[in-house]
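Student: Take this structure, written in structure tokens, and hold onto it; I'll ask about it next.
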Amino acid sequence: MTKEQLLEMGYREYRGEHINVYFKKDLCTHSAVCVNGDRDLFNVCRKPWILPDACASVDKVKRIVDACPSKALLYIEKESVK
Ligand code: SF4
């Protein structure tokens, strides 16, 4: 799925240097998998509550986002420039 499609579907974008995370509030089932996975990446007491660059690695961002049971969270990894 493209960023444009996600935004059209109502996802909000949270940009990081190497990966963007997308969140659609209406789909969230409050399972807390995200916040329990990494409280630097996901912190509901902070604005913005998702900071992709606060996570130790892009792989960890992907792992936690993939574990979201409702698909309220998705990501698009940016192509690395070599
Ligand atoms: S893991 Fe997904 S469903 Fe659970 S609280 Fe986070 S965004 Fe919501």
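Student: Hey, residue 80 hits all of (1) at pLDDT 95 or above; (2) among the hydroxyl-bearing types (Ser, Thr, Tyr); (3) loosely packed, with under 15 Cβ neighbours inside 10 Å but one; which does it fall short on?
Tutor: Condition (1) is where residue 80 drops out.
Student: Collect the residues in the stretch 28-77 that are of a type outside the set (A, V, I, L, M), within 14 Å of residue 15 (Cα to Cα) and surrounded by 18 or more Cβ atoms within 10 Å (Cβ to Cβ), keeping them in residue-number order. Can you show your working first?
Tutor: Kept after step one, since they are of a type outside the set (A, V, I, L, M), are these residues of the stretch 28-77: 28-31, 34, 36-40, 42-43, 45-49, 52-53, 55, 57, 59-60, 62-63, 66, 68-71, 75, 77.
Okay, now just the ones that are also within 14 Å of residue 15 (Cα to Cα), so 42, 47-49, 52-53, 55, 62, 75, 77.
Correct list: 42, 52, 55, 75.
Student: Do any strands (runs of 3 or more DSSP E) lying entirely in the chain carry at least 1 residues that are more than 12 Å from the ligand (Cβ to nearest atom) and over 9 Å from the mean Cα position of the chain (by Cα), and which ones are they?
Tutor: Numbers: elements: 12-14, 19-23, 73-77.
Because the criterion is at least 1 residues that are more than 12 Å from the ligand (Cβ to nearest atom) and over 9 Å from the mean Cα position of the chain (by Cα), the strands (runs of 3 or more DSSP E) in the chain that meet it are 73-77.
The values are calculated or read from the model by the stated rules, or taken from the named source; none is laboratory data. The shown structure was predicted, so the numbers you read here are calculated from the model rather than taken from an experiment. Neighbour counts run over all protein chains shown; Cβ positions are idealised from the backbone, glycine included.
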